[in-house]
């Protein structure tokens, strides 16, 4: 499931239509006048077909892979009015306790349609699910959608393969899960046992330190982990960990 986030911004379009009194020679609202407005494109989209049973509401997502590492998610629904949903991409095959790989945004759908553009350049290569989720607690945004009678969540998915950053999904998952382990379990003063670290995270590279006594403090960077440990070799203890390559 996609994590719920707060909207970055919402654009609300307001408009007013003045209706003149009808004379016998003028078309009355709801017949020829509406047909003329529709032909001129002034009535806007017709919206989804009416639903009498709330159980029949549905939502659909159709992903479209674009150049320059972009994906467009096209979404349709038969919920009337204006709603908001969570829409995004989620890597397939993740375990429940894995660090989630994907991205999501809160998106507005009006008259049954909406779309969002997502960059994939920071996502690893792999098979993903395009996802859209509607939550009745906060999804309805106007009177029509609130009066629709829908009280249940809706979710739709569609698979797609992404090149993304080019990093293998398995490597990215290992890195993120391992970083979380270090952040949750390693602290200042913990013993430095090189064999334990190399068995778990692979070989490390020694980097130059630019603060403190280099004969006592060493910087060890683990490429698979993408983290650096600053180690006090005189005491055989970890002074601090850093994300990425670090020299202090």
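Coordinate-derived values only; no laboratory data. Quantities reported herein were computed from a predicted structural model and do not represent experimental measurements. Glycine also receives a Cβ, built like all others from the backbone with ideal geometry; neighbour counts cover every protein chain displayed.
Using packing as a proxy for protection, rank 87-100, 203-216 so that the peptide with the highest average count of other Cβ atoms within 10 Å comes first. Could the numbers behind the result be given before it?
Values: 87-100: 15.4, 203-216: 12.1.
Those peptides, ordered most packed to least, come out 87-100, 203-216.
Ordered by packing density, taken as the mean number of other Cβ atoms within 10 Å over each peptide's residues, highest first, how do 239-247, 120-128 rank?
Working: 239-247: 14.8, 120-128: 18.4.
Going from most to least packed, we get 120-128, 239-247.
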Residues in region 219-238 reached by a label modelled at residue 200 [backbone nitrogen below 13 Å; 7 Å Cα→Cβ]: 225, 229, 238
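Given a Förster distance of 41 angstrom, what is the FRET efficiency for residue 92 paired with residue 142, based on the Cβ-Cβ distance and rounded to 0.05?
Details: r = 35 Å, r/R0 = 0.85.
About 0.75, to the nearest 0.05.
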Protection proxy ranking, peptides 142-148, 182-188, average beta carbon neighbours within 10 Å, highest first: 142-148, 182-188
Two-site FRET efficiency, residue 60 against residue 180, from Cβ-Cβ distance with R₀ of 45 Å, rounded to 0.05: 0.85
